[in-house]
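Asks: Once you've had a glance at the structure underneath, I'll fire off some questions.
FYI, it's all coordinate maths here, none of it is from the lab. Quick caveat, the model's predicted, so the values are computed rather than measured. Because the Cβ atoms are built from the backbone with ideal geometry, glycine has one as well, and the counts that use them run over all protein chains shown.
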Amino acid sequence: MAPLSIGVDARELIGEATGVGRYLGELLRRWLERSDRQTRRLLLYSPEPLGVVIPGDVGEVRVIGRRPGGTWWEQTSLRAAVRRDRPDVFFAPAYTAPLGTRIPLAVTVHDISFVAHPEWFRASEGLRRRWLTRRAAHTASVVLTDSEFSKSEIERHLQVDRGRVRVIRPGVTRREGGRPTPREPIVLFVGSLFNRRRLPDLIAAFARASVDVPRARLVIVGANRTWPPQDLPAVAAAEGVAARTEFLSYVDDDRLVELYGRASVFVFLSEYEGFGLTPLEAMSAGVPPVVLDTAVAREVYAPAAVFVRAGDLSSAADAIRRLLLDREAAGRVLAAAPEVLARYSWERAADETLEAVSSAARGRI
């Protein structure tokens, strides 16, 4: 029997992998480590070379097209290559896919913030995302997503049949360091900077929480992708904490491990997520998370987090201050962390995703 051929849109692995790039990288690594890997052949499509080694007997990287890897590349160069190669199934890990390929499609839609909250996106970007994601979701044999909340949003806003949407929880990439380091009065945020993540509220709450904690510092890690644009250094200056706030657009894994190892509090005041991995990474590294009280946050992090209401800066500041100064309070929050973290496994996510993709190829979904 010929190996099952799986085409994969691999452009999220280009450069500094964040978010979807990490998700895809974790899945592929485990697919390539399976004892039955020779029963499949992976075709990774990219507009430029990848730093990924694929053994020749189980797959290859195909560099196609000469344009940047955006929508035009997806709907022209990638579509032409997939129609030419005719893999048994195509896996699109990031919302959209080449349309009109006439082969089974499995697509992961992590969230639909661009549908639920179009005001957070430039008009042209929001329109493009909504149209392509809706078309991909209606074309796909199976739509994968990360949480029950996101599943309900996809079914409600995109009108996708309930039987074609499947929840597969991501794993948690453990960020523990080698030798334990003393905790410092660092308040940490990690993730792309979007309006929905309320970074001005985080900065304001930190300013209130650290009035009499002069050694406290706020470290914000992530590229600024806000729309309408937010000048976050100006916010820090207005709150009087510019000298104690550090903005890092990207850090490598070693630096990220170091930050998780030194931080005392992780704050993630997001009002809309499909999942949200970084508070779990913090939890796994022994950093108690403070998160906004939303349905998806309760689903993903409870009971090992402190929940605060949207716009309640006093409660957020009180939680930050308490966790900065009281390691026993932090320990009480983290007592349930093993129970929460046990829900999430990259091995399980990789197995379930591969089973869904393979079933789509064989018409069993």
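Asks: So what are the ³J(HN,Hα) numbers for region 223-235, from phi and the Karplus equation (6.51, -1.76, 1.60; θ = phi - 60°), rounded to whole Hz, Gly and Pro as x?
Replies: Once rounded to whole Hz, the list reads 6, 7, 10, 5, 8, x, x, 10, 8, 6, x, 5, 4.
Asks: Going by average Cβ density within 10 Å per residue, which order do the peptides 324-336, 269-281, 83-95 take, highest to lowest? Each step should come with its number before you reach the end.
Replies: Working: 324-336: 15.2, 269-281: 23.2, 83-95: 19.5.
Highest to lowest by the protection proxy: 269-281, 83-95, 324-336.
Asks: Taking amide H atoms as placed 1.01 Å from N in the peptide plane, list the residues 5 or more away in sequence, or in a different chain, whose amide H sits under 5 Å from that of V265.
Replies: For V265, the qualifying residues are I186, L188.
Asks: How high is the relative contact order of the chain, given as a whole-number percent (alpha carbon pairs under 8 Å, six or more residues apart)? Mind dumping the intermediate values first?
Replies: Values: 677 pairs, mean separation 60.9, N = 365.
17 percent.
Asks: Place a +1 charge on the Cβ of each Lys and Arg in the chain and a -1 charge on the Cβ of each Asp and Glu, then give the dipole magnitude about the Cα centre in debye, rounded to the nearest 20. All intermediate terms of the calculation are to be shown ahead of the outcome.
Replies: On the way: 52 positive and 45 negative charges, 195 e Å.
Its charge dipole is roughly 940 debye.
Asks: Now a separate question. Relative contact order (percent) for region 1-91, with alpha-carbon contacts under 8 angstrom and 6 or more residues of separation? Walk me through the numbers before you get to the answer.
Replies: Numbers: 122 pairs, mean separation 33.1, N = 91.
This gives 36 percent for region 1-91.
Asks: Here's another thing I want to ask about it. Which angle between 0 and 90 degrees, to the nearest 10, do you get for helix 123-139 versus the longest principal axis of the chain when only C-alpha atoms count?
Replies: Tilt relative to the chain: about 50 degrees.
Asks: Ranked highest first by the average count of other Cβ atoms within 10 Å around their residues, in what order do 104-111, 187-194 fall? If you can, show how the numbers build up before the last one.
Replies: Working: 104-111: 24.2, 187-194: 22.2.
Going from most to least packed, we get 104-111, 187-194.
Asks: OK, next. Can you list the residues, at least 5 places off or on another chain, whose amide H is less than 5 Å from the amide H of V165, using H built in the peptide plane?
Replies: Those qualifying (amide H under 5 Å, at least 5 residues apart or on another chain) are V143.
Asks: Can you tell me which of 124-130, 37-43 comes out highest on packing, and rank the rest after it, using the mean Cβ neighbours within 10 Å?
Replies: Per-residue mean Cβ counts within 10 Å order the peptides as 37-43, 124-130.
Asks: Tell me, how many Å apart are the Cα centres for region 227-244 and for region 151-175?
Replies: 34
Asks: Provide the per-residue ³J(HN,Hα) series for region 282-289, in order, calculated from phi with Karplus coefficients 6.51, -1.76, 1.60 and θ = phi - 60°, each as a whole number of Hz, with x at glycine and proline positions.
Replies: Along region 282-289, the couplings run 4, 4, 5, 9, x, 10, x, x Hz.
Asks: Would you please give the residues with an amide H less than 5 Å from that of L42, counting only those at least 5 places away or on a separate chain, with H modeled from the backbone geometry?
Replies: Excluding prolines and chain starts, which carry no amide H, the hits are I6, G59, E60.
Asks: Given the -39500 (n - 2.57) contribution per DSSP H run of 4+ residues, what per-residue ellipticity at 222 nm results for the chain, rounded to the nearest 500 deg cm²/dmol? Could the numbers behind the result be given before it?
Replies: Numbers: 14 runs with 136 residues, N = 365.
That comes out to -11000 deg cm²/dmol.
Asks: Another one. Assuming a ≥ b ≥ c are the square roots of the Cα gyration tensor eigenvalues, decide whether region 245-365 counts as rounded (a/c under 1.5), prolate (otherwise, with a/b larger than b/c) or oblate.
Replies: Details: a/c = 2.07, a/b = 1.78, b/c = 1.16.
The shape class here is prolate.
Asks: Next question, about the same structure. Apply the Karplus curve 6.51 cos²θ - 1.76 cosθ + 1.60, θ = phi - 60°, to the phi angles in region 306-318 and return the couplings in whole Hz, x for Gly and Pro.
Replies: Taking θ as phi minus 60°, the curve returns 9, 9, 10, 6, 4, x, 8, 5, 5, 5, 5, 5, 4 Hz for region 306-318.
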